[in-house]
Each structure stands twice: as C-alpha cells, then as structure tokens.
Amino acid sequence: QVQLVESGGGLVQAGGSLRLSCVASGSFFRINVMGWYRQAPGKQRELVASITSIGTTNYADSVKGRFTISRDNAKNTVYLQMNSLKPEDTAVYYCYANFLGINLRNDDYWGQGTQVTVSS
C-alpha cells in the first residue's frame, strides 16, 4: 500500500506565496513521474506541473514563471512553490505519483487534496 499526504495549503492574499509538500510512504521500488493537479468548482481537474524521476519539468501555461515544482528523491517528497498567486489559482490541489510497486506494476496514486484560496 502506498500513501500520498499533502500539506501547505491555506488562505493567502493575491500576490502572496505558498509552498505545497507531498510525502510518499509505503512499499515500492521506484517513483516515476510526480505532479500536482488542481480542480476549481465547476471546472475539470487540470495538470498544474509535473516532474520526472530525472528532474524534467512541465507546467501549465497559466502558471509558467510563477510556480516551481521540485522533488527530493531521498525523502520521497515533491514540492510546489507558488509565487505571485492570483484569485484564479484558487482550487483544491492534488498530489499525484506513479509508482513501480513491489508487485512489479506501475500504478497511479493520488493524495487527499489540500485547499488553496487566494483572496483579491
């Protein structure tokens, strides 16, 4: 069993910053890609940023230049540094990871989500 636990969400004023963290625990051989998704009320869940096991990153156009994704493989942790936050960034943010498990299969896992609210 693998678990992803997010932290760092909260309420912040426009222009402020937050850093989200997600820690993976359980039994697995390797974590492949990790990322952050978000979902606002009435909208589909969308990819915010992703990072591969070797550090290659990808960002949604709406967050380029403002958000930075990183990972610490020794701690099985992925981070999302969010700067210059805008009200339209308000959403529930979900941690995602794909693992090579002890069953030798590649499986997807999701965190429980953390609320980010940006006031104008």
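Could you work out the longest stretch of the chain that avoids the trypsin sites (Lys or Arg not before Pro) located in DSSP loops with at most 11 other Cβ atoms within 10 Å?
1-42
Under the definition of Cα pairs under 8 Å and six or more residues apart, what whole-number percent is the relative contact order of the chain?
Relative CO of the chain lands at 36 percent.
With the Cα gyration tensor of the chain in hand, convert its eigenvalues to equivalent ellipsoid semi-axes via √(5λ) and list them largest first in whole Å.
26, 14, 12
Going by a ≥ b ≥ c, the root eigenvalues of the Cα gyration tensor, does the stretch 42-110 fall in the rounded group (a/c under 1.5), the prolate group (a/b larger than b/c) or the oblate group? Could the numbers behind the result be given before it?
Values: a/c = 2.46, a/b = 1.62, b/c = 1.52.
Verdict is prolate for the stretch 42-110.
Using only the alpha carbons of the stretch 1-57, determine the length spanned along each of the three principal axes and report them from longest to shortest in whole angstroms.
Largest to smallest, the principal-axis extents are 40, 24, 19 Å.
Considering only protein heavy atoms, what per residue accessible area in square angstrom results for the chain with a 1.4 angstrom probe?
54
Percent antiparallel among DSSP beta bridges with both residues in the chain, to the nearest 5?
Percentage antiparallel, nearest 5: 90.
The values are calculated or read from the model by the stated rules, or taken from the named source; none is laboratory data. Just so we're clear, the structure is a prediction, and the values are computed from it rather than from any experiment. Quick reminder, even Gly has a Cβ in these numbers, built from the backbone with ideal geometry, and neighbours come from all protein chains shown. The accessibility values were calculated without ligands, DNA or RNA, using every heavy atom of the protein model including side chains. Shrake-Rupley method; radii C 1.70, N 1.55, O 1.52, S 1.80 Å.
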